[in-house]
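Visitor: This is the structure I want to talk about, given as structure tokens.
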């Protein structure tokens, strides 16, 4: 239903937007084209790298077609992907597509997370996460140029571009850090001006569902809870708080979990509301597992994890739980 609404909204915008020609798309993509990775150079001669040859299986509306060509054409030219198969998830801020991999990749499918065009993006609630957070450039480096920082604070057109790029860079750099550390996250492959290419969780017939849609088997509940806690502990060890962790941002596939959606990550030591946000993450996870029959104490668990990594709890650290949270048995989580 959400996917249908997303596509309908895109189609309604078609008449209000200029037609995007292939020549304009080609010029846009070429202007930001980076040097192909070493693993792909040997294949350059085998494929016409013009974006005009990029015809894909997924049936997109006219507006979405231009959006995908400008966002993913660079990946096609660099042999990361060879086809866009279908939309896996449509959202207010980004949509995810299953892509057939290109010759430079040794896996059959990749996931392309394409952030929404400016007309449809909804980043109005990002202030909480950007607070006390570094602004990153397209290479994941901290921006120190005062003019650029001033532009993004004033939210000029140029400043919005910087803000948007930093949003992507935080997610991509977090995926790189966590994947290298052995966390259960998709493998990141490449970041473009408007998209991130990562490992696809699923098979040729379907993508992995989110955990909130899954009723776990009794024997799965505790091991998967402990696995998520392990990932949270690993994130803290690398100065990372997810910031929006819940069963909606965890994939389930063949008995295993994968954490996704990291653009809003914050630092546990630098963000002034870090513990409140962290505790909210833990509460949401515990609520899901309470519905699966595993009762825990999220406040105690959050405090234990936080202090285990040397972060202090003060009188201001204890959060007010979001309204509408379900009640659960506050039994201390411990091994049976």
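Visitor: Where residues in segment 248-281 are modelled with pLDDT of 95 or more and within 14 Å of the chain's Cα centre (by Cα), which of them is nearest to residue 306 (Cα to Cα)?
Guide: Looking at the filtered set, the residue picked out is 259.
Visitor: Residue by residue through segment 205-224, note down the ones that are under 25 Å from residue 116 (Cα atoms), touching a residue at least 60 places away in the same chain (Cβ under 8 Å) and not in a helix (DSSP H, G or I). Full working, then the answer.
Guide: So in segment 205-224, the residues under 25 Å from residue 116 (Cα atoms) come out as 206-213.
Now restrict to residues that are touching a residue at least 60 places away in the same chain (Cβ under 8 Å): 207, 211-212.
Correct list: 207 only.
Per-residue answers, yes or no, for (1) surrounded by fewer than 20 Cβ atoms within 10 Å (Cβ to Cβ); (2) closer than 15 Å to residue 175 by Cβ:
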| site | (1), (2) |
| --- | --- |
| 229 | yes, no |
| 233 | yes, no |
| 236 | yes, no |
| 240 | no, yes |
| 250 | no, yes |
| 255 | yes, no |
| 259 | no, yes |
| 264 | no, yes |
| 271 | no, no |
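Visitor: With respect to residue 193, is the statement that it is surrounded by fewer than 21 Cβ atoms within 10 Å (Cβ to Cβ), assigned by TED's automatic domain parsing to the domain that holds residue 108 and either in contact with a strand residue (DSSP E or B) (Cβ under 7 Å, 6 or more places away or on another chain) or not in a helix (DSSP H, G or I) (or both) true? Steps first, answer last, please.
Guide: Working: surrounded by fewer than 21 Cβ atoms within 10 Å (Cβ to Cβ): yes; assigned by TED's automatic domain parsing to the domain that holds residue 108: yes; either in contact with a strand residue (DSSP E or B) (Cβ under 7 Å, 6 or more places away or on another chain) or not in a helix (DSSP H, G or I) (or both): yes.
So residue 193 fits the description; yes.
Visitor: Test residue 321 against the stated conditions and say whether it is over 26 Å from residue 238 (Cβ atoms), in a loop (DSSP other than H, G, I, E, B) and modelled with pLDDT under 85.
Guide: Numbers: over 26 Å from residue 238 (Cβ atoms): yes; in a loop (DSSP other than H, G, I, E, B): yes; modelled with pLDDT under 85: yes.
So residue 321 passes the test.
Visitor: Here's another thing I want to ask about it. If you take the residues of segment 80-97 that are at pLDDT 95 or above and buried (at least 23 other Cβ atoms within 10 Å of the Cβ), which of them is farthest from residue 54 (Cα to Cα)?
Guide: Looking at the filtered set, the residue picked out is 97.
Visitor: Residue check, residue 74 against (1) at pLDDT 90 or above; (2) over 23 Å from residue 187 (Cα atoms), all met but one. Which one?
Guide: (2)
Visitor: Take residue 140 and decide whether it is at pLDDT below 95, surrounded by 19 or more Cβ atoms within 10 Å (Cβ to Cβ) and either assigned to a loop (DSSP other than H, G, I, E, B) or touching a helix residue (DSSP H, G or I) at 6+ places or on another chain (Cβ under 8 Å) (or both).
Guide: Details: at pLDDT below 95: yes; surrounded by 19 or more Cβ atoms within 10 Å (Cβ to Cβ): no; either assigned to a loop (DSSP other than H, G, I, E, B) or touching a helix residue (DSSP H, G or I) at 6+ places or on another chain (Cβ under 8 Å) (or both): yes.
So residue 140 fails the test.
Visitor: All but one of (1) within 21 Å of the chain's Cα centre (by Cα); (2) farther than 22 Å from residue 175 by Cβ; (3) at pLDDT below 90; (4) part of a helix (DSSP H, G or I) hold for residue 69; state the number of the condition that does not hold.
Guide: (3)
The values are calculated or read from the model by the stated rules, or taken from the named source; none is laboratory data. This structure is a prediction, so every number in the text was calculated from the model and none was measured. Cβ: placed from backbone, ideal geometry, glycine included. Neighbour counts: every protein chain shown.
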